[in-house]
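Enquirer: Below is the structure I would like to discuss, written out as structure tokens.
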Amino acid sequence: MVWRATPVEAKQTDGLTRKAAMKARITAGTTVGLLGYLNKEPVAWCSVAPRSTYRRLVEHGGDDEGVWSIACFFVVRRLRGQGLSQRIIAAAVEFARSRGASIVEAYPVDPSSPSYRFMGFVPMFEAAGFREVGRAGSRRYVFQLTSEHE
């Protein structure tokens, strides 16, 4: 919800309120991301949606037409380091492309970064074919995958 919250929602930081806000978006048909399952158990999450649905990402400017953003990840601790992030990036790109994305954008950090680690790491996106196109603040990079990079 960090990147999606309206100014009013941003002031309400308790878990129940954030869960209710996310549920309201899903119920309204707003694309919010993908869940990864292992034997029917949810074990991974990737926030992927049109960039225009992320209030705080839109503030970086630029044309949003056809741009989808990958904004955060979660993999259960016991399964980290087994390639699930790469698999969910590939699934997110496929999902976005199937819904009209011409550019998939991400905002990773260096592996040594003390913050924003939930947004993924630069090497993950480089391995997936994304290319650096700029910076978003002092720690986050802006990486994009376009059809010409594939």
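Enquirer: Enumerate the pairs (first residue in the range 118-137 and more than 15 Å from residue 46 (Cβ to Cβ); second residue anywhere and open to solvent by 80 Å² or more (accessible area, probe 1.4 Å) and not in a helix (DSSP H, G or I)) with beta-carbon separation below 8 Å, excluding pairs fewer than 6 apart on the same chain, so at least 6 apart or on different chains.
Expert: 122/132; 129/150; 136/60
Enquirer: Pairs, please: C-beta under 9 Å, at least 6 apart or cross-chain, first residue in the same structural domain as residue 37 (by TED's automatic domain parsing) and in the range 84-109, second assigned to a helix (DSSP H, G or I) and of a type in the set (Ser, Thr, Tyr)?
Expert: 97/147; 102/147; 103/147
Enquirer: If residue 129 meets every condition in (1) open to solvent by 20 Å² or more (accessible area, probe 1.4 Å); (2) on the phi > 0 side of the Ramachandran plot apart from one, which number is that one?
Expert: (1)
Enquirer: So, in the range 117-126, how many residues would count as being open to solvent by less than 40 Å² (accessible area, probe 1.4 Å) and in a helix (DSSP H, G or I)?
Expert: The qualifying residues number 4.
The values are calculated or read from the model by the stated rules, or taken from the named source; none is laboratory data. Source: prediction; values computed, not measured. All Cβ positions, glycine included, derive from the backbone under ideal geometry; neighbour counts span all protein chains shown. Side chains are part of the model used for accessible areas, which takes the heavy atoms of the whole protein and leaves out ligands, DNA and RNA. Shrake-Rupley method; radii C 1.70, N 1.55, O 1.52, S 1.80 Å.
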